[in-house]
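One structure is given below, encoded as structure tokens.
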Amino acid sequence: MSLVIQENVNLSSMNTFGVEAQARYFIRFSSKEELIEVFQKSVFDVPVKKENKVTRNASTKLPFLCLGEGSNILFVQPFSGVVLKNEIRGLEILKQTAESVSLKVGAGENWHKFVLHCVQQNWGGVENLSLIPGTVGAAPIQNIGAYGVEVQDVIEAVEIYDIEQKKFLILSKEECQFSYRDSIFKREGRGRWIITSVNFTLSKKPILRTHYGAIEIELKNQGISHPTIKDISDTVIKIRRSKLPDPKELGNAGSFFKNPVVTADFYSSLKQAHPQIIAYPEASGQYKIAAAWCIEQCGFKGWRQGACGVHSQQALVLVNYGTATGNEILALSERIRTKVFETFQIQLETEVQVIS
Ligand code: FAD
Ligand code: EPU
């Protein structure tokens, strides 16, 4: 096999913020066999030095970072380990009935292309997740979600490579421990598991989810009363294009923060102090607060600080006007967090993975 180890690779075109960052080592892999080979490489072994002498046969391992399309990442310094670019492709039909279809999709496939393929086949379940950037393999990591749907709704299982056991394992949906913008992959799996494929079950008799405010309004505006899954996909794409900046034109990584989920008691005190606050009740009895609203109230919407800023249409999205560094964007995010805490006593949690 012909794995190429590159050194000191510039990652600025491989992260949607478009910030400068270097990878000490960089390897592309496009199959499970190549992934096994990657971890046999001595590039990971760093000889241990004691009193400035290299100790024979003793080594520590360099860290790795599995990179998809870099749409949920902020590099704040050079990555001194090995960046592994996941390019495992392929879509396989595992089972079909009159009701549903089960698929296995390579982790390196582009998410939106996969969604468009499903919409074209009239397989329902992912149409509300149209136009989310990134790879299929990264979708389970933060349980991507939009317009009333989360990817956990259609996931059956996730295949991983465990670098410690040097084994491929299958995690059931339950084992993935999905919740809002979270999963086991952000915890136990971090730095240890690489997702190689994802299994989905989609419906041939789709139940359309149009309840998310903006979708209903947009369909009504277009005079569509009996939408197809293609109508939903087109509508979601239209709404997203009107609000979210295209990373090809303006560097960003989508929502920089998660929407905070608070107790009913805390929400009620917030509501008293800020009657206009936007929040949604959760099945758990808690409330999800619209962080974008809080950030906007703090005066940051459209704010610019040097080469970075807060998007003028969506206050949850931080943007790079061209030459911002990862540290400048991080500093802006800290400024926002401090002000939101002073105003609302809410600690915003970062959604974007800060790589330091
Ligand atoms: P990367 O950014 O490359 O990686 C993200 C993290 O996952 C990193 O920690 C990385 O190490 C890890 N990772 C990636 N692939 C693997 C793998 N195969 N195995 C193990 N670890 C891996 N997200 C939403 O949920 N909803 C939205 O509506 C949404 N809208 C967005 C809009 C814009 C304009 C942008 C730029 C981003 C948006 N996002 C949204 C965030 C982003 O699209 C998702 O988080 C996406 O899943 C990231 O995919 P990626 O391949 O780019 O991952
Ligand atoms: N709002 C403001 N000010 C703003 C933007 C929005 O007050 O600047 C208000 C809106 O009027 C609305 C509420 O906040 O009442 C929610 O706004 P929106 O529907 O745009 O959604 P969001 O909560 O800001 C979340 C996700 C997005 C996802 C959309 C659509 C998170 C952190 N973000 O944003 O996901 O696309 O819902 O479902 O949950 C991402 O994760 O990267 C991402 C873009």
* Relative packing of peptides 116-123, 326-333, 210-217 - highest average C-beta neighbours within 10 Å first -> 326-333, 116-123, 210-217
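How do the peptides 263-272, 20-29 rank, highest first, by the average count of neighbouring beta carbon atoms within 10 Å per residue?
Ranked from most to least packed, the peptides come out as 20-29, 263-272.
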* Given charges of +1 on the Cβ of Lys and Arg and -1 on the Cβ of Asp and Glu, with all other atoms neutral, how large is the dipole of the chain about its Cα centre, in debye to the nearest 20? -> 440 debye
* **Mean-position separation - Cα centroids, segment 182-233 and segment 97-129, in angstrom** => 10 Å
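When a/c is below 1.5 the answer is rounded, else prolate if a/b is larger than b/c, else oblate, so apply that to segment 215-356 with a ≥ b ≥ c taken from the square roots of the Cα gyration tensor eigenvalues.
Numbers: a/c = 2.12, a/b = 1.12, b/c = 1.90.
Oblate shape, in that a/c is at least 1.5 and b/c is the bigger or equal ratio.
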* For segment 1-150, compute the number of Lys pairs whose alpha carbons are separated by less than 15 Å, excluding pairs fewer than 8 positions apart on the same chain. => 7
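Leaving out ligands, DNA and RNA, what percent of the accessible area of the chain is carbon and sulfur, probe 1.4 Å? Please report the intermediate quantities before stating the final value.
Details: 8560 of 17570 Å².
On the chain, the fraction of accessible area on carbon and sulfur atoms equals 49 percent.
Which FRET efficiency value, to the nearest 0.05, do you get for Ser269 and Ile237 by plugging their Cβ-Cβ distance into 1/(1 + (r/R0)^6) with R0 = 41 Å? Please report the intermediate quantities before stating the final value.
Values: r = 39 Å, r/R0 = 0.94.
It comes out at approximately 0.60.
If you keep only loop residues by DSSP, which GluC sites (Glu not before Pro) in segment 96-150 have at most 10 other Cβ atoms within 10 Å of their Cβ?
Values: sites: Glu99, Glu109, Glu127, Glu150; in loops: Glu99, Glu109.
Passing sites in segment 96-150 are Glu99.
Would you please put 84-92, 134-142 in order of how densely packed they are, using the mean number of other Cβ atoms within 10 angstrom per residue and starting with the highest?
On the way: 84-92: 17.7, 134-142: 25.7.
Per-residue mean Cβ counts within 10 Å order the peptides as 134-142, 84-92.
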* Work from the charge dipole of the chain (Cβ charges, +1 for Lys and Arg, -1 for Asp and Glu, about the Cα centre) and give the residue of Ile295, Thr235, Ser13 farthest towards its positive end. => Ser13
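Over the chain, average the accessible area per residue using a 1.4 Å probe and give it in Å², no decimals. Before the final figure, lay out the partial values.
Values: 17570 Å² over 356 residues.
Here the per-residue accessible area is 49 Å².
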* State whether the chain is rounded, prolate or oblate according to the following rule on the C-alpha gyration tensor (a ≥ b ≥ c being the square roots of its eigenvalues): a/c under 1.5 gives rounded; otherwise a/b larger than b/c gives prolate, and the remaining case gives oblate. => oblate
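The values are calculated or read from the model by the stated rules, or taken from the named source; none is laboratory data. None of these values were measured; they are calculated from a predicted model. Counting neighbours? That spans all protein chains shown, and the Cβs are built from the backbone with ideal geometry, glycine included. We work out accessible area using only protein heavy atoms, side chains counted, and drop any ligands, DNA or RNA first. Shrake-Rupley method; radii C 1.70, N 1.55, O 1.52, S 1.80 Å.
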